[in-house]
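K.L.:
The structure's right below; bear with me while I get my questions together.
The values are calculated or read from the model by the stated rules, or taken from the named source; none is laboratory data. All of these numbers come straight from a predicted model, not from anything done at the bench. No Cβ is skipped: glycine too gets one built from the backbone with ideal geometry, and neighbour counts run over all protein chains shown.
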């Protein structure tokens, strides 16, 4: 994992140094005596399986435009992870799932250019969802693809998407 480190204090702008605190190296500003923690930004994702296929969306914008991923996104500030995952699934694919029916499969940590992310990953079988596949507002496309084509690299799945798929047991 690549570490994304700030080299200046967000409060006063002075150069940061590091100090050991609670057994870890932490960014520290000697000018304002503030210690800074690198915290992760939460995201959620849902793996929907339909026998030997998995539901993917094609990203419509940003640096990953055109690449494939699981339906995923950020929870609202007051939204539990399961509800956020079900909302993102509905918004990006048209599928409706009961948040309580989503099975937690784990978390994936990743570092990005602007933040460090903690993806909370869920899975559900297609039979437990309602609706038809339809690309949502931030997806260029949405469809089921064969797990084998993902394993073989025939589908350009972004790195975090591959980590999420491994986490959910799809790429084993």
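K.L.:
Consider residue 111 carefully, then state whether it is under 14 Å from residue 44 (Cβ atoms) and either surrounded by 17 or more Cβ atoms within 10 Å (Cβ to Cβ) or touching a strand residue (DSSP E or B) at 6+ places or on another chain (Cβ under 8 Å) (or both).
P.N.:
Answer is no for this residue.
K.L.:
Further question on the same structure: Any chance the stretch 56-79 includes a residue that's at pLDDT 90 or above, assigned by TED's automatic domain parsing to the domain that holds residue 156, under 15 Å from the mean Cα position of the chain (by Cα) and farther than 24 Å from residue 133 by Cβ?
P.N.:
yes
K.L.:
Would you check which residues across the stretch 31-56 are outside any strand (DSSP E or B), over 17 Å from residue 10 (Cα atoms) and out of contact with any helix residue (DSSP H, G or I) (no Cβ under 7 Å at 6 or more places or on another chain) and list them?
P.N.:
51
K.L.:
Consider residue 12 carefully, then state whether it is surrounded by fewer than 11 Cβ atoms within 10 Å (Cβ to Cβ), assigned to a loop (DSSP other than H, G, I, E, B) and not assigned by TED's automatic domain parsing to the domain that holds residue 118.
P.N.:
yes
K.L.:
Which of (1) outside the structural domain of residue 55 (by TED's automatic domain parsing); (2) under 14 Å from residue 50 (Cα atoms) is the odd one out, the single condition residue 132 does not satisfy?
P.N.:
(1)
K.L.:
Moving on to the next point. Can you spot a residue in the stretch 22-36 that is surrounded by fewer than 18 Cβ atoms within 10 Å (Cβ to Cβ), without any contact (Cβ under 8 Å) to a residue 12 or more places away in the chain, under 27 Å from residue 137 (Cα atoms) and over 17 Å from the mean Cα position of the chain (by Cα)?
P.N.:
no
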